[in-house]
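Peer 1: There's a structure below that I have some questions on.
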Amino acid sequence: MALVQIENARFGYDGTDIFRDLSFTVSKGEIFCLLGPNGCGKTTLLDCILGTHRLREGSITINGQDISTLRSGRIAHHLAYVPQTHERTFPYTVKEIVLMGRAAYTGVFGSPSRADAELAESALETVGVQHLQNRPYTRLSGGEGQLVMIARALVQETPVIILDEPTAHLDFRNELIILEKIVELVRDTGVSIIMATHFPNHIFYFENKFIATQVALLHEGRFLDVGSPGETLTENTMEMLYGIETRIMSHSSDGIEHKQILPINTMDIKYHA
Amino acid sequence: MSAGPSWKKIVTYSVLVLAPVLCIVLSLCLGRYPLPISAIPGVLLGKFSGGDQISEMYRTIVWDIRMPRALLGALVGGSLAVSGAAFQGLFRNPLVSSGILGVSSGAGFGAALAILLFNNMAATYPCALGFGMLAVFLSYMIGRVYKKTPAIMLVLGGVIVSSVFSALVSFTKYVADPYEQLPTIVFWLMGSLASAGYRDIQFAGIPMLLGMAGLLGIRWRINVLSMGDKEAHALGINTTWTKGFVVFCATLATAGAVCVSGVIGWVGLVIPHIGRMLVGNNNTVLIPVSISLGACFLILVDNLGRILTGSEIPLGILTALVGGPFFVYLLKKTKGGGW
């Protein structure tokens, strides 16, 4: 049974629609990637799934429950969220930040318990930054900060984690660390991931690691295609989506095939339109 | 190992409660008529009730003059500081103070209007309280675009409402009788606890205590709110309700404080920062620490105001004169605590 089911989703501001007729399902232990150019509505779609915006039409169900009927406290039991950029304000310690993931389990006038603190420590250990727990999180590097945000999502103990461009602004190594962590989490905990990304190669990376992966290409408010990375990410769809000429490459090492997409050059934007 | 943190907790909270109590006891001794500290326990416990003149005078000074003033100072200081801390977290902005949503200018106008119309101090309290709450309500309604209350719109609403009420205060000053009403208005706006009595505590104590209790209750959620609306929502918090509750409690506390003490700046801006330098940013600790620090600070500054010169120095002036250098000293000492 599908864990997350989205049917005929339509949303927009004022008179115009940002997207419509979007349908897809996400199963347990699956990574669902949203790919599309800047401003195509990826983040808006994620906001609708999180319940920040309400769909104009269609439905979003998680574990068989329509999210429009759920209060934010209940939605947070099903979905955790890792933001694209997190504006750091007060220098809370890393542990205090991770503990905020327990808000949905804490009474209105309560604060996290010792059990919650242990959960936060083990989540920090899972993502490998336990040594940072007493540091002010305003002084972390971009990669460390993103790992802490993932730890905060983990203590929410949800079946689904939503990541909005989790590797934006990260260097080459930190980018790979985040991708490895996502693969590890899906393998070890069976969590499902919905992820917006700008990098087709990230999607191939998951498939190369034998993780169940789906990709949806969001183009002008509709899905151009939804399916497995190998079938969906083609030279043809890249041309339609981004107006660029690409080659799909494959490199074999240790008997495992690694697919990659290689950009060649941009094409005439008039032709693209 | 497991006993460690809970001991630390007990010690911390004892200090937080004891510090204002000590400040209150100290302020019972200080003044134009100094009392020896050794006489205080006797007076407080009701001994010396033999009826001789000295003990009768001690009783009057301690119970009728200095005690209500110290208690009111503690309540006002705690209220202003805790509202400031809560608003800073809510608006994710360290430059925000307890008056950000216009409560001080609203209350100022209410008091000025009451002085102008009724020429009677008894009418100023309800007027100041009412207009203070009205100002925040107006700011909140202005901020409610799109049926949500984004922090930046609330601040904008507060700025607009504050400037309108400031203009109205100027207008009441302009039309006030310059020999009696105008000085009263001006002195009220400078802030003072000089007229404090038990009636003030009865009237303003309830909103102040309710507001402080509400903020103490919701304090951990202020951490979560400071992550921003979208994240706080995704973490499972009803942001509209929670923000409304914080604004309501902080307004109750501030309006209660302003209506009896006048406009006392500085406390609601800087005491929370001093708290941050001492104990960090976690509101679970910062909120109670702000209450305690604010209470101590205002009692001590009020004592200075009483004893420094022959006539009293208005509180609003002294809080800044004393607090400013102290703040700079702490900033140097703690290197700002991670900012």
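The values are calculated or read from the model by the stated rules, or taken from the named source; none is laboratory data. On a predicted model such as this, the values are computed, not experimentally measured, just so you know. Neighbour counts run over all protein chains shown; Cβ positions are idealised from the backbone, glycine included. SASA here: full protein model, heavy atoms, side chains in, ligands and nucleic acids out. Shrake-Rupley method; radii C 1.70, N 1.55, O 1.52, S 1.80 Å.
Peer 1: Would you mind checking which residues have amide H under 5 Å from A:His258's amide H? H placed 1.01 Å from N; only 5 or more apart, or other chain.
Peer 2: A:His251, A:Ser252, A:Ser253
Peer 1: Which listed residue (B:Val159, B:Ser55, B:Tyr179) has the Cα farthest towards the positive end of the charge dipole for segment B:36-334, taking +1 on Lys and Arg C-beta and -1 on Asp and Glu C-beta about the Cα centre?
Peer 2: Farthest along the dipole direction, towards plus: B:Val159.
Peer 1: On to the next question. Under the Karplus relation 6.51 cos²θ - 1.76 cosθ + 1.60, θ = phi - 60°, what is the ordered set of whole-Hz ³J(HN,Hα) values for segment A:223-228, x standing for Gly and Pro?
Peer 2: Karplus values, whole Hz, x for Gly and Pro: 7, 6, 6, 9, x, 6.
Peer 1: What Kirkwood radius, in Å to one decimal, follows from the Cα pairs of segment B:87-185?
Peer 2: Result for segment B:87-185, one decimal place: 14.0 Å.
Peer 1: Using only alpha carbons, build the gyration tensor for segment B:102-145 and give me the equivalent ellipsoid semi-axes, biggest first, whole Å.
Peer 2: Its equivalent ellipsoid spans semi-axes of 23, 7, 6 Å.
Peer 1: Could you tell me how far the Cα centroid of segment A:210-236 sits from the Cα centroid of segment B:42-102, in Å?
Peer 2: 66
Peer 1: Separate question: Please report the carbon-and-sulfur percent of the accessible area for the protein assembly as shown; probe 1.4 Å, protein heavy atoms only, DNA, RNA and ligands left out. It would help to have the intermediate numbers written out before the result.
Peer 2: Numbers: 16540 of 26980 Å².
So the carbon and sulfur contribution to the accessible surface is 61 percent.
Peer 1: Going 7 Å from the Cα of A:Arg88 toward and past its Cβ, which residues in segment A:144-182 have a backbone nitrogen under 13 Å from where you end up?
Peer 2: A:144-149, by backbone N distance to the label point.
Peer 1: Further, regarding this structure: How do B:Lys243, B:Lys9 rank by accessible surface area computed with a 1.4 Å probe, from largest to smallest? Write down the numbers at each step before the final one.
Peer 2: Working: B:Lys243 10, B:Lys9 130 Å².
From most accessible down to least: B:Lys9, B:Lys243.
Peer 1: Then there's this: Nearest 100 Å², what total accessible surface is buried between chain B and chain A (probe 1.4 Å)?
Peer 2: 2900
Peer 1: How much length, in nm to one decimal, is gained on full extension between A:Ala168 and A:Ala2, taken as 0.36 nm per residue of separation minus their Cα-Cα distance?
Peer 2: 56.9 nm
Peer 1: For A:Thr43 and B:Glu56, what does the FRET efficiency come to when R0 = 51 Å and r is the distance between their Cβ atoms, rounded to the nearest 0.05?
Peer 2: 0.10
Peer 1: Tell me the mean residue ellipticity at 222 nm calculated for chain B from its helices only (DSSP H runs of n ≥ 4, each -39500 (n - 2.57), averaged over every residue, nearest 500).
Peer 2: Working: 15 runs with 252 residues, N = 339.
Result for chain B: -25000 deg cm²/dmol, rounded to the nearest 500.
Peer 1: At B:Ile40 and B:Leu278, where each label point lies 7 Å from the Cα along Cα→Cβ, what is the point-to-point distance in nanometres?
Peer 2: With each label placed 7 Å out from Cα toward Cβ, I get 1.8 nm.
Peer 1: Over the alpha-carbon set of segment B:146-284, work out the extent along each principal axis and list the three values in angstrom, largest first.
Peer 2: Each principal axis gives a Cα extent; for segment B:146-284 these are 59, 36, 28 Å.
Peer 1: Now for a separate question. Just the C-alpha atoms of segment A:99-204: what Rg/Rh do they give, with Rh taken as the Kirkwood radius? Working shown, then result.
Peer 2: On the way: Rg = 14.2 Å, Rh = 14.6 Å.
Here Rg/Rh amounts to 0.97.
Peer 1: Taking the alpha carbon gyration tensor of segment A:1-148, what are the square roots of 5 times its eigenvalues, largest first, to the nearest whole Å? Before the final figure, lay out each step's value.
Peer 2: Values: eigenvalues 196, 69, 45 Å².
After scaling each eigenvalue by five and taking roots: 31, 19, 15 Å.
Peer 1: A further question follows. Longer than 22 Å from Cα to Cα, which of B:Lys9/B:Lys333; A:Lys209/A:Lys259; A:Lys28/A:Lys95; B:Lys9/B:Lys243; A:Lys28/A:Lys259 are they? Say none if no pair is.
Peer 2: Correct reply: B:Lys9/B:Lys333; A:Lys28/A:Lys95; B:Lys9/B:Lys243; A:Lys28/A:Lys259.
Peer 1: So for segment B:19-87, what percent of the C-alpha to C-alpha distances run longer than 21 Å?
Peer 2: Tail fraction, whole percent: 31.
Peer 1: Which value, in debye to the nearest 20, gives the size of the charge dipole of chain A about its Cα centre, when Lys and Arg are +1 and Asp and Glu are -1 at the Cβ?
Peer 2: Once rounded to the nearest 20, the dipole reads 720 debye.
Peer 1: Among A:43-49, B:122-128, A:148-154, how do they line up by average Cβ neighbours within 10 Å per residue, starting with the highest?
Peer 2: Sorting A:43-49, B:122-128, A:148-154 by mean packing, highest first, produces A:148-154, A:43-49, B:122-128.
Peer 1: Principal axes first, then extents: for the Cα atoms of chain A, list largest minus smallest coordinate on each axis, whole Å, largest first.
Peer 2: Principal axes ranked by extent give 58, 48, 36 Å for the Cα atoms.
Peer 1: Read phi for every residue in segment A:169-186 and hand back ³J(HN,Hα) as whole Hz from Karplus 6.51 cos²θ - 1.76 cosθ + 1.60, θ = phi - 60°, with x for Gly and Pro.
Peer 2: 6, 9, 6, 4, 6, 5, 4, 5, 4, 5, 4, 4, 4, 4, 4, 4, 5, 5
Peer 1: Which of B:Asp200, B:Asp177, B:Asp52 moves the most in a Gaussian network model of chain B with Cα springs under 10 Å?
Peer 2: B:Asp52
Peer 1: Continuing with the same structure: Can you list, largest first and rounded to whole Å, the semi-axes you get for chain B by taking the square root of 5 times each eigenvalue of its Cα gyration tensor?
Peer 2: Listed largest to smallest, the semi-axes of chain B are 33, 28, 17 Å.
Peer 1: On to the next question. Which net charge results when you count Lys and Arg as +1 and Asp and Glu as -1 among the other residues whose beta-carbon is under 12 Å from that of B:Trp63? Please report the intermediate quantities before stating the final value.
Peer 2: On the way: positive: B:Arg59, B:Arg66, B:Arg69; negative: B:Glu56, B:Asp64.
Summing Lys/Arg as +1 and Asp/Glu as -1 gives +1.
Peer 1: Also, I was wondering about something else. Determine the principal axes of the Cα atoms in segment A:159-273, then give the extent along each, sorted from largest to smallest and rounded to whole angstroms.
Peer 2: 46, 35, 28
Peer 1: If you don't mind, another one. Please list, in order, the residues from segment B:177-197 whose amide nitrogen is less than 18 Å from a point placed 7 Å along the Cα→Cβ vector of B:Ile317.
Peer 2: Zone members listed by number: B:182-195.
Peer 1: Oh, and also: Taking segment B:1-127, how much of its Cα-Cα pair set, in percent, is spaced more than 23 angstrom apart?
Peer 2: Tail of the P(r) past 23 Å holds 59 percent of the pairs.
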